[in-house]
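The values are calculated or read from the model by the stated rules, or taken from the named source; none is laboratory data. Because the structure is a prediction, the values reported are computed rather than measured. Neighbour counts are summed over all protein chains in view; Cβ atoms, including those assigned to glycine, are modelled from backbone coordinates with ideal geometry. Protein only, heavy atoms only, side chains kept; ligands, DNA and RNA dropped before computing areas. Shrake-Rupley method; radii C 1.70, N 1.55, O 1.52, S 1.80 Å.
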Amino acid sequence: MIKQVVVALALSALIGFNAEAQVSDLQQIGDALDVSTTKTFQFTANGSMYFLGQNVNPAAPWPRFFVKSFTRLYDFTAGSMRDDVTRMAADSPTVGPEQRVLTSVSGDHAWNGTGKETAPRLFEAPQRAHEIVISPHGLVRAAFASNATVTKKNIDGRPMTIISFTYQGKDKVVAYANDQNALERVESSYGHPIVGDMKVLTYYGPYRDFAGVKFPTKIIQYQDGLATLDLTVTAVRANPPVDIEVPAHVQKEPVPVKSEKVADGVWYITGVDNNSTLIEMKDYLIVVEAPHGERRSLAVLGEVKKLVPNKPIKYLVNTHHHFDHASGVRTYAAEGVTIVTHEVNRPYFERAALNSWTLAPDRLAKSKKKPVFQTMGDNMVLTDGTRSVELYQIVGNPHHDGIIMAYLRKEKLLIEADVYSPLAPGAEPPKVPNPQAVNLESNVRRLGLEVDRIVSVHRRV
């Protein structure tokens, strides 16, 4: 009995020692970055960034941009972040020579732009919030808040401190710090509405002293196995003033949904910057496009039931796989709706369905249903004998190899995404025509379609 007590006391002491050692190791990493006194942080960089989820087909790399200026501002206390980026397309001829792009996140809300130009980006919130968690300062804060496991191990002959934790059930993180208490590599994941548990790999370093502030000079990142960032940090600032406030209309709950009738049995369902179209058939319904994730799609489904309460949705037409257009596809699949998409997209959606969905399990993952797809090549017709919805690939379009448009012949109505978006009221037409719009027109002429009205998935809120 005495021997058992002695052993128990020894184990308790050892466990306490290990816990204290873990806290001490994490504290040293935090002290090297002055985490305890850093409430806000800003860095400026240049280099390259890649447009996540916007590749010309699912097998291609993300489109690359040359970054003239990249300024990221964190507010760790509020859990918010803003990027202010001036960039130029490196690989695509379809974007103007230089763009300024502002993106922000705070809690569950993400948005682009400021003021009247602000557009909600519902599906992007988990990704952007994850960037706060895996930033050097944010990671140490999240590790303390999550009672992280801290261990030491020799990796490739170098002593490393390994920090492992799951933050608020949403972000899984394994970070590696060297013997100088500098975070070098972060292997992490977050819940994505298309990919599932999105794998992220981020490299930091080498570190330098920026006028008394220690921070990495390089940030290189991959998501879903493809490059997303390659930045050289040029300046940093600890505790700058912040003004990242969620715009009032972005905070609205439930997700705003508006609908307008564009023809008999055809409604345009709006409320955000990417929208959907409802088409009533004899015995069923067709929805074109499911953007902005599950929350938005559930709101659209509710509006559909109000507009046509007695008919089921049979088909969802997905124009292309880009994340802002396809992030609600799984919500419809969970309802038993058949997903119509170009054949180039199907393997990507099916692979995503097989991924793990532990961090943000959606309705489809919880139901354990398999999504049902009906794919097309250059054309397909959905008909009930009374009304026909003609689907055509927009051949040769530089935006996407398998992008689809829908045409209602009787109404002379064309529904399309991305290749043409109406200008803001009073805006001057571009001096150089958009190559995507030029390609759309050539396809319309090639197919002999008479078009009186274009319903664009994109419209300003």
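Structure notes:
- Leading residue by the ranking (farthest from Asn443 (Cα to Cα)) among those in segment 375-420 that are open to solvent by 60 Å² or more (accessible area, probe 1.4 Å) and not in a loop (DSSP other than H, G, I, E, B): Thr383
- Close pairs from segment 346-366: first without any contact (Cβ under 8 Å) to a residue 24 or more places away in the chain and closer than 16 Å to Ser188 by Cβ, partner open to solvent by 30 Å² or more (accessible area, probe 1.4 Å) and not in a helix (DSSP H, G or I), Cβ under 9 Å, at least 6 apart: none
- Scanning segment 395-432 for residues that are touching a strand residue (DSSP E or B) at 6+ places or on another chain (Cβ under 6 Å) and at pLDDT 95 or above gives Gly402, Ile404, Met405, Ala406, Tyr407, Glu411, Leu413, Leu414, Ile415, Glu416.
- Condition check for Ala145: small (Gly, Ala, Ser) and either more than 26 Å from Thr38 (Cα to Cα) or more than 24 Å from the chain's Cα centre (by Cα) (or both): yes
- Conditions (1) touching a Pro at 6+ places or on another chain (Cβ under 9 Å); (2) surrounded by 14 or more Cβ atoms within 10 Å (Cβ to Cβ): number failed by Leu423: (2)
- Test: residue in segment 45-52 that is open to solvent by less than 20 Å² (accessible area, probe 1.4 Å), part of a strand (DSSP E or B) and closer than 21 Å to Glu124 by Cα: yes
- One residue stands out in segment 362-373 among those that are open to solvent by 60 Å² or more (accessible area, probe 1.4 Å) and over 13 Å from Val329 (Cα atoms): the one that is modelled with the highest pLDDT, namely Lys366.
- Matching entry among Thr71, Thr94 (being open to solvent by 30 Å² or more (accessible area, probe 1.4 Å), among the hydroxyl-bearing types (Ser, Thr, Tyr) and either farther than 12 Å from Thr228 by Cα or at pLDDT below 95 (or both)): Thr71
- Selected residue [out of contact with any strand residue (DSSP E or B) (no Cβ under 9 Å at 6 or more places or on another chain) and polar (S, T, N, Q)] from Asn310, Asn274: Asn310
- Test for Ser356: is it hydroxyl-bearing (Ser, Thr, Tyr) and out of contact with any helix residue (DSSP H, G or I) (no Cβ under 8 Å at 6 or more places or on another chain): yes
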